[in-house]
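Here's the structure we're looking at; comments come further down.
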Amino acid sequence: MKKILYIKANIKKDGDSRTFKISDRFVEEYKKNNPDDEVTVLDLYKERIGFLRPEDLEKLLGEKDDEVRKNSILRYVYQFVDADKYIIAAPMWNLSIPAILKAYMDYVCASGITFKYTENGPVGLCKGKKAVHIVSRGGNYSEGPAKEYEMGDRYLRTIFAFFGITDFTTIAADKLDDKSEDVEAILNKAIVRATNVAKEF
């Protein structure tokens, strides 16, 4: 049995989020093909993820006894490392990811847990895992001139690689705010791709 962490980062409700329309279908197809796997949903807005405070840093850098692991922000990093696969549903906001997702990554970027420092530099401690990022974007940031402005998927791909997770797939629905495009067709195409990727994920 594999453990899947479904990380949701959108303030919109499920029915209003174009990103979640794709990611929920991905999860539905994944469950159909992997009925024994355990999928945990982590909605960052419902969790009220905040920015790191001085006392949080003390826990991240200090001794990690059982009480601290269970009842502090450290529970998020241990939940993260306990997973085998990650589904990140996060739209592009202002050329990047929603700030709450960056705040969450600050929670799970913990030396000695998700990575470690060695004499040869940092080494990821989450090798052998895989991730998929499902994203909706208003313009075309997958190709052409605007591709250089895309910093959200690029950041996630980089930080996951820092943790040792290099099996990283992106499913993007671009040009959803382009009035000259058939938005429903774009969404449907992304959903088809998502269901196909889910079968092999």
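In the stretch 25-41, which residue that is within 12 Å of Lys85 (Cβ to Cβ) and aliphatic (A, V, I, L, M) is least open to solvent (accessible area, probe 1.4 Å)?
Looking at the filtered set, the residue picked out is Val27.
Quick check: is even one residue across the stretch 102-118 in contact (Cβ under 8 Å) with a residue 40 or more places away in the chain and touching a strand residue (DSSP E or B) at 6+ places or on another chain (Cβ under 6 Å)?
Yes.
Quick check on the stretch 1-19: of everything there that is of a type outside the set (S, T, N, Q), more than 22 Å from Lys129 (Cα to Cα) and part of a loop (DSSP other than H, G, I, E, B), which residue is most open to solvent (accessible area, probe 1.4 Å)?
Checking each candidate, the answer is Lys13.
Those residues that are of a type in the set (S, T, N, Q) and either assigned to a helix (DSSP H, G or I) or closer than 17 Å to Lys102 by Cβ (or both), I need them from the stretch 127-159; list them, please. Even if it seems obvious, please write down each step before you answer.
Pass one, the stretch 127-159, residues of a type in the set (S, T, N, Q): 136, 140, 142, 158.
Thr158, the sole residue that qualifies.
Determine, yes or no, whether Asp36 is modelled with pLDDT of 95 or more and more than 21 Å from the chain's Cα centre (by Cα). Show your work before the answer.
Working: modelled with pLDDT of 95 or more: yes; more than 21 Å from the chain's Cα centre (by Cα): yes.
Criteria met by Asp36.
Residues of the stretch 55-78 being at pLDDT below 80 and assigned to a helix (DSSP H, G or I), which ones?
Across the stretch 55-78, the qualifying residues are Glu55, Asp56, Leu57, Glu58, Lys59, Leu60, Leu61, Asp66, Glu67, Val68, Arg69, Lys70.
Can you name the number of the only condition in (1) touching a residue at least 60 places away in the same chain (Cβ under 8 Å); (2) out of contact with any helix residue (DSSP H, G or I) (no Cβ under 9 Å at 6 or more places or on another chain); (3) open to solvent by less than 80 Å² (accessible area, probe 1.4 Å) that Ile22 fails?
Of (1) touching a residue at least 60 places away in the same chain (Cβ under 8 Å); (2) out of contact with any helix residue (DSSP H, G or I) (no Cβ under 9 Å at 6 or more places or on another chain); (3) open to solvent by less than 80 Å² (accessible area, probe 1.4 Å), only one is false for Ile22: (2).
Can you tell which of Leu42, Leu101 is under 22 Å from His133 (Cα atoms), modelled with pLDDT of 95 or more, aliphatic (A, V, I, L, M) and out of contact with any Phe, Trp or Tyr (no Cβ under 8 Å at 6 or more places or on another chain)? Don't jump to the end; show me each part of the working.
Values: Leu42 fails: out of contact with any Phe, Trp or Tyr (no Cβ under 8 Å at 6 or more places or on another chain).
That would be Leu101, the only listed residue that is under 22 Å from His133 (Cα atoms), modelled with pLDDT of 95 or more, aliphatic (A, V, I, L, M) and out of contact with any Phe, Trp or Tyr (no Cβ under 8 Å at 6 or more places or on another chain).
Just to verify a result, which residue in the stretch 178-191, among those that are open to solvent by 80 Å² or more (accessible area, probe 1.4 Å) and assigned to a helix (DSSP H, G or I), is farthest from Arg18 (Cα to Cα)? Give the steps one after another, and end with the answer.
Within the stretch 178-191, the first condition is being open to solvent by 80 Å² or more (accessible area, probe 1.4 Å), and the residues that meet it are 179-180, 182, 184, 188-189.
Imposing the further condition that a residue be assigned to a helix (DSSP H, G or I) reduces the set to 184, 188-189.
Working: Glu184: 10, Asn188: 11, Lys189: 13 Å.
Only one residue fits best here, namely Lys189.
If you go through the stretch 115-164, how many residues are among the β-branched types (Val, Ile, Thr), under 15 Å from the mean Cα position of the chain (by Cα) and open to solvent by less than 50 Å² (accessible area, probe 1.4 Å)?
4
Out of curiosity, is Ala198 assigned to a helix (DSSP H, G or I) and at pLDDT 95 or above?
Numbers: assigned to a helix (DSSP H, G or I): yes; at pLDDT 95 or above: yes.
Against the criterion (assigned to a helix (DSSP H, G or I) and at pLDDT 95 or above), Ala198 qualifies.
The values are calculated or read from the model by the stated rules, or taken from the named source; none is laboratory data. Just so we're clear, the structure is a prediction, and the values are computed from it rather than from any experiment. Using ideal geometry, Cβ is built from the backbone for each residue, glycine included, and neighbour counts are taken over all protein chains shown. Surface areas here come from the heavy atoms of the whole protein model, side chains and all, with no ligands, DNA or RNA. Shrake-Rupley method; radii C 1.70, N 1.55, O 1.52, S 1.80 Å.
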